[in-house]
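Read the structure below first, then the notes.
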Amino acid sequence: MAATGQSPEQSIKRLAELLAGARRPAALTGAGISAESGIPTFRSGDSGFWGRFSPQDLATPQAFAADPLLVWCWYAWRRAQLAEVQPNAGHKALAELEHRPAGFTVITQNVDGLHQAAGSRNVIEVHGSITAVRCSADCTPRRYRLHERETDPTAATAFGADREVAQLVAERGDEAFALIREGHAIPSGVPPVCPSCGAYLRPDVVWFGEELPIEAINRSYKLAERADVFLAVGTSAVVYPAAGLPELAGAAGAVVVEINPEPTPLSNQADLSIRSGAGSALSAALELLDRGPGRA
């Protein structure tokens with residue numbers, strides 16, 4: 001059951017003690033940690049797209065098949081948004097924990113790459129990454145990363161350079177394209193094609209109705225089963241199978257810690273539930289760790 005009756009200071013001190021003694025720590029992160037960097041979640045209605053469009057209309061295989069240019073442009077718009085966003089204190093604290101003797105692995109439901117931008121290297125992306133593309137026909141498991149475009153000619157092609165798309169977008173009267181233009185994110189390439197089979201390349205993210213990458217979810221299950229401290233950070237705990245990882249970790253003997261400003265279905269099951277944003281809770285715990293025993 002979640003710890004009750006503790007002050008915020010006591011909860012943070014307990015978190016620091018758990019991290020200090022951890023030998024196999026791991027964390028599951030959700031949209032809440034990135035929201036602290038200013039990225040709207042699927043469930044928030046405060047962005048232009050989410051106020052007027054359903055994610056299911058832009059993030060499904062059916063949507064891509066029906067209008068690949070619209071979906072490609074929307075993801076280009078999202079990448080342009082992310083280019084203006086920086087990792088926050090929560091991302092940085094998790095990256096710092098990776099360099100501690102026990103190490104740290106982050107399992108993330110986010111596709112924004114902010115954990116890696118903060119310095120984390122042990123990251124499992126169970127929902128894929130917005131900064132990568134792959135063949136829509138699955139002819140090859142190869143992924144092309146955005147940062148590879150300067151060194152990999154195929155990756156450069158994947159993110160394109162074709163002026164004709166600007167005219168094509170300008171001719172479309174759709175409200176979605178109007179929003180893309182407002183965001184000054186008209187992409188420089190039409191949906192590119194796979195160099196192996198000629199099918200469109202698509203964003204390497206898990207869309208609604210798709211299965212999670214089997215390798216990523218299997219690695220996540222194994223980490224949860226062997227963890228001795230398992231953090232659930234900024235996750236709504238309602239999107240399965242990822243939402244089942246804290247339960248799996250707890251059943252295998254881990255101390256489960258939830259960090260979330262709002263209560264979730266996990267709150268009454270966690271050993272410690274901290275009502276706080278990820279940045280403030282994790283950075284405060286890290287500060288106590290740096291002070292050392294007896295100096296909290």
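The values are calculated or read from the model by the stated rules, or taken from the named source; none is laboratory data. Just so it is clear, the model here is predicted, and its values are computed rather than measured. Here Cβ is always computed from backbone atoms with ideal geometry, including for glycine, and neighbour counts include all displayed protein chains.
Identify the single condition in (1) surrounded by 14 or more Cβ atoms within 10 Å (Cβ to Cβ); (2) at pLDDT 75 or above; (3) of a type in the set (S, T, N, Q) that SER7 does not satisfy, given that it satisfies every other one.
The failed condition is (1).
Within region 55-66, can one find any residue that is in the same structural domain as ARG145 (by TED's automatic domain parsing), part of a loop (DSSP other than H, G, I, E, B) and either of a type in the set (S, T, N, Q) or at pLDDT 85 or above (or both)?
As a first pass, look at region 55-66 and keep what is in the same structural domain as ARG145 (by TED's automatic domain parsing): 55-66.
From the residues that got through so far, the ones that are part of a loop (DSSP other than H, G, I, E, B) too are 58-60.
Next, only the ones that are either of a type in the set (S, T, N, Q) or at pLDDT 85 or above (or both) stay: 59-60.
Checked against the condition, which is being in the same structural domain as ARG145 (by TED's automatic domain parsing), part of a loop (DSSP other than H, G, I, E, B) and either of a type in the set (S, T, N, Q) or at pLDDT 85 or above (or both), region 55-66 yields at least one hit.
Just checking, which of ARG202, ARG295, ARG291 is modelled with pLDDT under 95, buried (at least 21 other Cβ atoms within 10 Å of the Cβ) and among the charged types (D, E, K, R)? Let's see the steps before the verdict.
On the way: ARG295 fails: buried (at least 21 other Cβ atoms within 10 Å of the Cβ); ARG291 fails: buried (at least 21 other Cβ atoms within 10 Å of the Cβ).
Checking each option against the conditions leaves just ARG202.
Filter region 113-126 for residues that are in contact with a Ser or Thr (Cβ under 8 Å, 6 or more places away or on another chain), on the phi < 0 side of the Ramachandran plot and in a loop (DSSP other than H, G, I, E, B) and give the result.
Within region 113-126, ASN122, VAL126 qualify.
Among ALA102, ALA76, which is the only one that is touching a Pro at 6+ places or on another chain (Cβ under 6 Å) and assigned by TED's automatic domain parsing to the domain that holds ALA243?
None of the other options fit; the residue is ALA102.
How about region 105-151: which of its residues are modelled with pLDDT under 90 and among the polar types (S, T, N, Q)?
THR131, THR140, THR151 - these are the residues of region 105-151 that are modelled with pLDDT under 90 and among the polar types (S, T, N, Q).
Kindly provide the set of residues from region 95-110 that are of a type outside the set (Lys, Arg), in contact with a helix residue (DSSP H, G or I) (Cβ under 9 Å, 6 or more places away or on another chain) and in a loop (DSSP other than H, G, I, E, B), ordered by number.
Within region 95-110, ALA102, GLY103, PHE104, GLN109, ASN110 qualify.
Given the condition outside the structural domain of GLU287 (by TED's automatic domain parsing), at pLDDT 90 or above and closer than 28 Å to ASN218 by Cβ, answer yes or no: does some residue in region 34-41 qualify?
no
Quick check: anything in region 215-223 over 18 Å from the mean Cα position of the chain (by Cα) and surrounded by fewer than 20 Cβ atoms within 10 Å (Cβ to Cβ)?
There is at least one residue in region 215-223 that is over 18 Å from the mean Cα position of the chain (by Cα) and surrounded by fewer than 20 Cβ atoms within 10 Å (Cβ to Cβ).
Quick one: would you say ALA237 is at pLDDT below 95 and crowded, with 23+ Cβ neighbours inside 10 Å?
Judged against the criteria, ALA237 is a match.
Mind listing whichever residues of region 194-207 are of a type in the set (Phe, Trp, Tyr) and in a strand (DSSP E or B)?
Of the residues in region 194-207, the ones of a type in the set (Phe, Trp, Tyr) are 200, 207.
Within region 194-207, just TYR200 meets the criteria.
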